[in-house]
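Written below as structure tokens is the structure these notes are about.
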Amino acid sequence: MNIKSDILSNNGIPDNYKYYWNYQYELGRQFIVPFAIKTGCFKKGDSVFEVGSAEGGVLAAFVEEGGRGAIGSDIAQDRLEMGEKISKKLELPISFSNHNIISEDIPLEWKEKFNLVLLRDVIEHLDDTLLAITNINKIIKPNGFLFVSFPPYYSAFGGHQHTLGNFMGKLPFIHILPNFIFHKLIAGGRNADIEEVKRLQNIKLTTKKFETAVLKSGFEIFKREFYLLRPVYKMKFGLPSIKLTKLAFLPLVKNFLSLEALYVLKKES
């Protein structure tokens with residue numbers, strides 16, 4: 001099975017879904033899977049779950065590397081449907097489920113079933129950080145792992161203003177301006193994205209807030225890294241990733257210069 005080739009041509013999959021799946025897959029293949037293997041949180045035969053999987057491209061990379069029992073959950077039904085369609089085309093054993101990790105009960109068949117759970121660029125959108133990772137803890141086997149990545153709120157685009165689709169949204173750090181200024185600057189963006197950006201203002205997920213939640217959730221911090229240039233930028237813009245981990249003891253670096261905080265959490269046995 002070669003899923004790196006031109007896999008999805010002439011099959012009724014819209015171009016935007018192909019794009020998202022391909023960049024997810026390349027991110028998984030080139031960075032997340034090798035990182036997980038190197039750090040010891042994934043090996044061939046491990047069961048894998050992704051919260052906020054969208055079309056499931058990252059899960060595809062894990063399945064290709066020997067992951068089993070792969071399940072992707074999301075609240076966006078259209079993306080789940082496309083993920084299921086793509087996985088069937090590629091004959092990949094990935095299941096998809098419409099599930100809200102905050103507000104819905106954990107299905108019995110998921111409890112303590114997975115060696116590794118992925119939470120990539122999702123946690124900053126969830127209103128209750130502690131509740132989210134506490135619920136995820138329930139589906140991880142003892143001594144299993146949770147991979148988490150997110151942009152710290154006070155970093156250049158931690159407010160997700162770049163999603164607005166207007167000129168002002170391209171400016172870094174405008175989300176830390178006073179509200180009456182920031183809200184005027186983003187007023188020309190898409191309405192749904194404006195509301196989401198305002199939600200993120202209320203959540204304000206910082207590394208300190210995240211690590212405080214971790215201490216209360218039944219996880220321990222197994223590994224953490226901080227990046228000036230995120231690994232995903234290679235897929236999006238052709239840029240190399242640049243780490244800031246050795247300088248992350250400085251509050252300015254961790255809070256304002258790190259465009260990505262990456263954590264591997266281990267479930268306490």
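For the stretch 174-183, the condition of being buried (at least 16 other Cβ atoms within 10 Å of the Cβ) and either outside any helix (DSSP H, G or I) or among the hydroxyl-bearing types (S, T, Y) (or both) holds for none of the residues.
For the stretch 63-72, a residue qualifies if it is under 19 Å from I101 (Cβ atoms) and crowded, with 21+ Cβ neighbours inside 10 Å, and the qualifying residues are A70, I71, G72.
It is to be established whether one or more residues within the stretch 176-187 are assigned by TED's automatic domain parsing to the domain that holds I140, farther than 20 Å from L118 by Cα and of a type in the set (K, R). No, every residue in the stretch 176-187 fails to be assigned by TED's automatic domain parsing to the domain that holds I140, farther than 20 Å from L118 by Cα and of a type in the set (K, R). Would you confirm whether any residue within the stretch 57-69 is in contact (Cβ under 8 Å) with a residue 60 or more places away in the chain, part of a strand (DSSP E or B) and over 23 Å from H125 (Cα atoms)? No, the stretch 57-69 contains no residue that is in contact (Cβ under 8 Å) with a residue 60 or more places away in the chain, part of a strand (DSSP E or B) and over 23 Å from H125 (Cα atoms). Out of T245, T212, one residue alone is of a type in the set (S, T, Y), in the same structural domain as I102 (by TED's automatic domain parsing), surrounded by fewer than 20 Cβ atoms within 10 Å (Cβ to Cβ) and modelled with pLDDT of 95 or more. It is T212. With the structure loaded, tell me whether A192 is in a helix (DSSP H, G or I) and surrounded by 16 or more Cβ atoms within 10 Å (Cβ to Cβ) or whether it fails that test. Answer is no for this residue. Residue count for the stretch 171-210 satisfying the condition of being of a type in the set (S, T, Y) and touching a helix residue (DSSP H, G or I) at 6+ places or on another chain (Cβ under 6 Å): 1. Among residues of the stretch 82-114 being in a helix (DSSP H, G or I) and in contact with a strand residue (DSSP E or B) (Cβ under 8 Å, 6 or more places away or on another chain), the one that is nearest to D46 (Cα to Cα) is W110.
The values are calculated or read from the model by the stated rules, or taken from the named source; none is laboratory data. Everything numeric in this text was worked out from a predicted model, so none of it was measured. FYI the Cβ positions are ideal-geometry reconstructions off the backbone, even for glycines, and counts take in every protein chain you see.
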